[in-house]
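Single-structure report; data block below.
What follows draws every value from the coordinates through simple rules; no lab data is involved. The model shown is predicted, which means the values in this text are computed figures rather than measured ones. Positions of Cβ are backbone-derived with ideal geometry, glycine not excepted, and every protein chain shown enters the neighbour counts.
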Amino acid sequence: MHSSKPLIVVFLGKSGAGKGTQLDLFKERMGIDFIGSGDLLRNRKKVDDFTGNKISTVIDNGGLIATPVVFNLWMSEFERLKSKGDTLKGIVIDGSPRKIREAYLMTEALEWYDWNDNFKVILIDVSDEEVLSRIANRRICEECGEIVPYVGELKRLTNCPKCNGNLVKRAEDAETESVKKRLEWFQEEVGPVIDFYKEQGKLVTINGNQAVEDVFNDILAAIKQDAND
Ligand SMILES: [Zn+2]
């Protein structure tokens, strides 16, 4: 039966698209398991061996971890979650795949565990212009340091939602430059991943240019509609 299979979801989005917020909401409200490549690597680097030490060095230098290293960590997690049997409701995966090679491996791994049929890739889609505008217009509270994203209803706030302090813009050129670099990286590396999933019929594109709740409702509607097909 279709519904008895666990739902496997990957989230993709440019940095600044609001992917992290949506992912947290999704985990919380769906009550499903989570695999984050960032968390897996942070744990792995605590081990004092060659790979543990090398992960620290590569991350500190802003490099990317070799695909087989990341893949090895996912496989252990997949195996652990598979052993939950029928109690496994689903898995949300964050931080991978980030290169086309990782996408090929992910597909094979999901096929191995018989999870590929109920697999969806959620793309939180925003334009580069929108990402840059969010960075340029983001505000910070002078009193408590709360960061107020320039998105949806929050655009209208004039005072801090936490302490009512004054909000000031805080755009730094260095930050804008690093965001531009990340946007280029996304286009080059993640672009082919998106095309691949589109061809496979796995891609669900969500308009990220809306308030947080509206983005989230679109995600839920897209997943529900698919389950009823
Ligand atoms: Zn404040």
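Within the straight-line cut-off of under 26 Å between alpha carbons, the lysines reachable from K120 are K5, K14, K19, K27, K82, K84, K89, K99, K198, K202, K224, sequence neighbours fewer than 8 places apart in one chain being disregarded.
Expressed in units of 2.2 N^0.38 Å, where N is the residue count, the Cα radius of gyration of the range 1-151 is 1.19.
Remark: the chain carries a charge dipole of roughly 380 debye about the Cα centre, counting +1 on each Lys and Arg Cβ and -1 on each Asp and Glu Cβ. Among the helices of the chain, those built from whole DSSP H runs whose Cα atoms reach 24 Å or more along their own axis and whose mean Kyte-Doolittle hydropathy is at least 0.0 are 212-228. In the range 99-229, the C-alpha radius of gyration followed by the widest Cα-Cα span (Dmax) gives 18.6, 54 angstrom. Across V58, V151, V168, mean-square fluctuation computed from a Gaussian network of the chain (C-alpha pairs under 10 Å connected) peaks at V58. The value given for the range 36-78 is a Kirkwood hydrodynamic radius of 10.3 Å, derived from the mean inverse Cα-Cα separation.
What are the GluC sites (Glu not before Pro) within the range 120-221 that DSSP puts in a loop, where the Cβ has at most 10 other Cβ atoms within 10 Å?
Those that pass, being in a loop and sparsely packed, are E172.
Taking every DSSP helix (H) stretch of at least 4 residues in the chain, weighting each as -39,500 (n - 2.57) and dividing the sum by the residue count yields a mean residue ellipticity at 222 nm of -15000 deg cm²/dmol. Of the beta bridges in the chain, as assigned by DSSP with both residues counted there, near 25 percent are antiparallel. For K45, give me every one of the lysines with a C-alpha distance below 20 angstrom, ignoring sequence neighbours fewer than eight places off in its own chain. Of all the lysines, those that pass the test against K45 - Cα under 20 Å, at least 8 places apart if same chain - are K54. With K and R counted +1 and D and E -1, the other residues having a Cβ less than 12 Å from that of S56 yield a net charge of +2.
As a size descriptor, the averaged projected area of the C-alpha convex hull of the range 1-89 was calculated at 7.4 nm².
Between amide H atoms placed 1.01 Å from N, distances below 5 Å from G36 occur with D94, all of them 5 or more places distant or on a separate chain.
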